[in-house]
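I have placed the structure first, in the form of structure tokens, so that the comments after it can refer back to it.
The values are calculated or read from the model by the stated rules, or taken from the named source; none is laboratory data. Computed from a prediction, not measured in an experiment: that's the story for all the values here. All Cβ positions, glycine included, derive from the backbone under ideal geometry; neighbour counts span all protein chains shown. For the accessible areas, the whole protein counts, side chains as well, though only heavy atoms, and no ligand, DNA or RNA atoms are used. Shrake-Rupley method; radii C 1.70, N 1.55, O 1.52, S 1.80 Å.
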Amino acid sequence: MGIFVTVPDHKPDGPTLNLENLKDAKVLVVGGGGREHAIVDALSRSIYVKKIFCAPGNTGIAALAECVPIGDGKVDELLEFARREHIDLTVVGPEVPLSAGIADAFRAAGLRIFGPSKAAARIESSKSFAKEIMEKKGVPTASYRTFTDYSEALEYVKAGSIPVVLKYDGLAAGKGVVVAMSLEEADAALKDMLLEDVFGKGKVVVEEFLTGPEFSFMALVRGKEVWPLALAQDHKRAFDGDEGPNTGGMGAYSPLPYITPEDEKFALENIMEPVAEGLFEEGCPFEGLLYGGLMKTPQGIKVIEFNCRFGDPETEVVLPRLETDIYTMFSAVVDGTAMPEIRWSDDHVIGFVLASKGYPGKYTKGFEIDGLEEALADPSVRIYHMGTSVKDGKTVTSGGRVMMVTASAPTLKEARDKALSAVDKIRCDNLFHRTDIGHYVL
Ligand code: AMP
Ligand code: GLY
């Protein structure tokens, strides 16, 4: 296994980790999707972690952690649980509890939690806040204007060029972005967002359309300090050839050969670090995982969006490559101690999402899934559950995205072949998947 130090010249500072203090840790992971399954999987490899709880968790997570029936938005109940169980560290997966202030509540109660405050989480929950920080720090991003009035927004769109991108200014579960290919489409989206208020009352960011390959830059952040993780690429469209509606993500892979070390350095120094600094200067230092959704455009690397948490499904292909103990990394962020050297396997990991037919639109649940054991017979295959449950002792579908089948291998092509042959072993009447994940490279 090779060693890949993402930022060779980044000197850790702060006191050294006291590893004795970390021993026999009880950890609570908040969330119940594929991302949380991958986080639990990584924590289960830590020599410091004795017991993992996951709230609410899922069928796959139940093999590695004790699932607790508390919804991920129930901040008071989660806090009460963490107190009662003497949880040493809570790791938050989704953005909704972060935007609701779960990290503030835990810290106020003196509990260790990995995740940003409500104020810092605005980097994801408010597109206009994110744009203001970028503007202040000179971070490259699409030019834009913010509107609350439908007619003014429409006038601006008419005067500009098509395609144009319209973004609802708030959390919309990945559905608040429309890339309009015609004026009619843009008009319809503005009507939905500003007249019909389909996501609630709010603002719309009208943004310049950028082109180029997208990539996800995830980094651990504490105040002004930024420690990059390995890069990954998500595939957001539902169907092969990047056709069809936007989804939560249909597959991903890591590493990314088309992003050079110079690109990565540029993104670190001109995007991630200035934004961490901007949040610090704004009085809301970020502590947790900062996700930059970036695009390599002909004019250089620019920001598409920020998230305040691990990406899904990127986490499912990044964390399997991590060789450093993730509990020591989370602890360094939470305690302000020195970050251990972050090492990655040279292997390529790729993952294919199996989704319910009809997703991201309407779909039905409860279809039996067979063949998981056969698929897992290959030791390089890992399956992360996203939307499954158990009915009469059988695994059944219970969500739009049902599971992510991943494989690792020395080359992306081998990894893809292994993952697809594992997918072929899974039998279910109501699933579909993309077959071209990684097409940009393969
Ligand atoms: P977001 O939820 O902001 O990540 O947007 C969803 C998807 O819409 C992105 O992954 C891009 O593919 C696309 N998109 C968002 N903003 C732009 C933009 N300014 N130019 C081109 N495509 C964009
Ligand atoms: N994969 C995109 C996201 O996590 O928002």
> How high is the FRET efficiency between Arg83 and Asp370 when r is their beta carbon distance and R₀ equals 41 Å, given to the nearest 0.05?
Replying inline: 0.50
>> Keeping all protein chains in place and using 1.4 angstrom, which order do Lys23, Lys50, Lys236 fall into by accessible surface area, from largest down?
In response: Lys50, Lys23, Lys236
> Could you sort Cys428, Cys308 by accessible area so the largest value comes first, with the probe set to 1.4 Å?
Replying inline: Cys428, Cys308
> Ranked by accessible surface with a 1.4 Å probe, highest first, in what order do Ser356, Ser408 come?
Replying inline: Ser408, Ser356
>> Restricting to Cα pairs below 8 Å that are 6+ residues apart, what does the relative contact order work out to for region 243-401? Please round to a whole percent.
In response: 22
> What residue among Ser398, Cys284, Gly248 has its Cα farthest toward the positive end of the dipole of the chain, where the charges are +1 on Lys, Arg and -1 on Asp, Glu, each on the Cβ?
Replying inline: Ser398
>> If you filter region 161-225 for GluC sites (Glu not before Pro), then keep DSSP loop positions with at most 16 other Cβ within 10 Å, what is left?
In response: Glu196
> Efficiency by 1/(1 + (r/R0)^6): what FRET value for Thr324 and Lys50, r their Cβ-Cβ distance, R0 = 30 Å, to the nearest 0.05?
Replying inline: 0.95
> From the cross-link list Lys365/Lys394; Lys136/Lys236; Lys265/Lys296; Lys131/Lys224, which pairs have alpha carbons spaced over 21 Å apart?
Replying inline: Lys136/Lys236
> Ignoring ligands and nucleic acids, what accessible area does Met134 show with a 1.4 Å probe (Å², nearest 10)?
Replying inline: 10
> Between Lys224, Lys425, Lys394, which gets the highest mean-square fluctuation from a Gaussian network model of the chain, Cα cutoff 10 Å?
Replying inline: Lys394
> Each label point is 7 Å from the Cα along the Cα-to-Cβ direction; what then is the distance between the points at Asp392 and Thr435, in nm?
Replying inline: 3.3
